[in-house]
1. Can you tell me which residue is least open to solvent (accessible area, probe 1.4 Å) among those in the range 60-79 that are modelled with pLDDT of 95 or more and acidic (Asp, Glu)?
2. Cβ-Cβ under 7 Å, sequence separation 6+ or interchain: first residue in the range 271-289 and closer than 24 Å to Asp193 by Cα, partner charged (D, E, K, R) and buried (at least 24 other Cβ atoms within 10 Å of the Cβ). Which pairs?
3. Please specify each residue of the range 286-308 satisfying the condition of being assigned to a helix (DSSP H, G or I) and open to solvent by less than 10 Å² (accessible area, probe 1.4 Å).
4. Return only the number of the condition from (1) among the basic types (Lys, Arg); (2) part of a helix (DSSP H, G or I); (3) touching a Ser or Thr at 6+ places or on another chain (Cβ under 8 Å) that Arg283 does not satisfy.
5. Looking only at residues that are open to solvent by 20 Å² or more (accessible area, probe 1.4 Å) and without any contact (Cβ under 8 Å) to a residue 60 or more places away in the chain in the range 102-140, which one is nearest to Gly344 (Cα to Cα)?
6. Looking only at the range 223-239, decide whether some residue is farther than 22 Å from Ser40 by Cβ, under 17 Å from the mean Cα position of the chain (by Cα) and open to solvent by 40 Å² or more (accessible area, probe 1.4 Å).
7. When the range 141-165 is examined, which residues are found to be modelled with pLDDT under 95 and either open to solvent by 70 Å² or more (accessible area, probe 1.4 Å) or part of a helix (DSSP H, G or I) (or both)?
8. Report every pair of residues separated by at least 6 positions or lying on different chains whose Cβ atoms are under 9 Å apart, first residue within the range 69-93 and assigned to a helix (DSSP H, G or I), second aromatic (Phe, Trp, Tyr) and open to solvent by less than 10 Å² (accessible area, probe 1.4 Å).
Amino acid sequence: MNPLKLTASAVAVAAVSATAAAARDQVQVAGSSTVLPYASIVAEAFGENFDFPTPVVESGGSSAGLKRFCEGVGENTIDIANASRAIREKEIKACADAGVTDIIEVRIGYDGIVFASQLNGPEFTAFEPADWFKALAAKVPNEAGEIVDNPNMTWADVNADLPAEEILTFIPGTKHGTREVFEEKVLLQGCEDTGAMEAFTASGMSEDDAEAACMAVRTDGKSVDIDGDYTETLARIDSNTNGVGVFGLAFYENNTDKLKVATMSGVEPSTETIASGEYPVSRPLYFYIKKAHIGVIPGLKEFAEFFVSDDIAGPDGPLSNYGLVSDPELADTQAVVADEKTMGNAM
């Protein structure tokens, strides 16, 4: 292998073209749009530094990637699924039912979910989880404790300190791992902070139904699901002055010429505040390897080892320049990949 080369193209966050491999000597990856820029950087650097073809990296969302991953074993199925959340039990079962029984879970680091708007638009610069719950919840309790349709039309209706602009948000669609984190760490937290959770249960809802009500999003146009990647969210923000979008930190940091970011609970998102745990909306990022493909698909293990190497995923590696917060337990992850330890056998 040549000394590590990271050319301008290798560190460009533009994704590798989502085209089918001409021959199955290429590693094939699909999944999270959050992990996409990191995987694309690593794929290009891998192709330039190893005697293997550059892996093909596609987006589509965590759920979509894991669904493809769990279709079975063989050259007509992908080798790696990127995910901005942990694989779910029902997905593990779907994998097993299709013969994908040995899965290696690889945690590559951490990322934050940020809330950004047009650079020169309204002053959406400080949010609390309660603001987002009151803005987007399908149902809210009124002053009498009755559960009613959300009446809030402007951000000032939600919080007098926010601009009196029509609520318009662009949030990840339900197939994206980012959506799950947004629901649990923002909407559910806001529901609890406002007392709405207590009001829901007081109205006769079970705890599970109350949680579901906390995370149910209104469908009157104030919130728009984005099923594509963050570039689609950015395009919506570009054409809507009062729009506020949900992005990964890495994407925002590469678009600071177009977007301004808001604090959450008084904390500005950055690699430092995510690493310290101070920023409240962060999550681990993963990729999943089909162990049955190691030794069959050329370069698969080598790519995975390269991805989590100190030179790439460490605190001084190129991924840190694009918002990835290095995992303090990266050495353990490296051992998992080197030893091909599957889920349930990683201890």
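The values are calculated or read from the model by the stated rules, or taken from the named source; none is laboratory data. Note that this is a predicted model, so its numbers are computed, not measured. Reconstructed Cβ throughout: ideal geometry from the backbone, glycine too, with neighbour counts over all protein chains shown. The protein model used for the area step is the full one, side chains on, heavy atoms only, and it has no ligands, DNA or RNA in it. Shrake-Rupley method; radii C 1.70, N 1.55, O 1.52, S 1.80 Å.
1. Asp79
2. So the pair list comes out as Ser282/Asp111; Arg283/Asp111.
3. Of everything in the range 286-308, those that are assigned to a helix (DSSP H, G or I) and open to solvent by less than 10 Å² (accessible area, probe 1.4 Å) turn out to be His293, Leu300, Phe303, Ala304, Phe307.
4. Status for Arg283: all satisfied but (2).
5. Glu123
6. Among the residues of the range 223-239, at least one is farther than 22 Å from Ser40 by Cβ, under 17 Å from the mean Cα position of the chain (by Cα) and open to solvent by 40 Å² or more (accessible area, probe 1.4 Å), which makes the answer yes.
7. Hits for the range 141-165 are Glu143, Ala144, Glu146.
8. What qualifies is Phe69/Tyr288; Glu91/Phe69.
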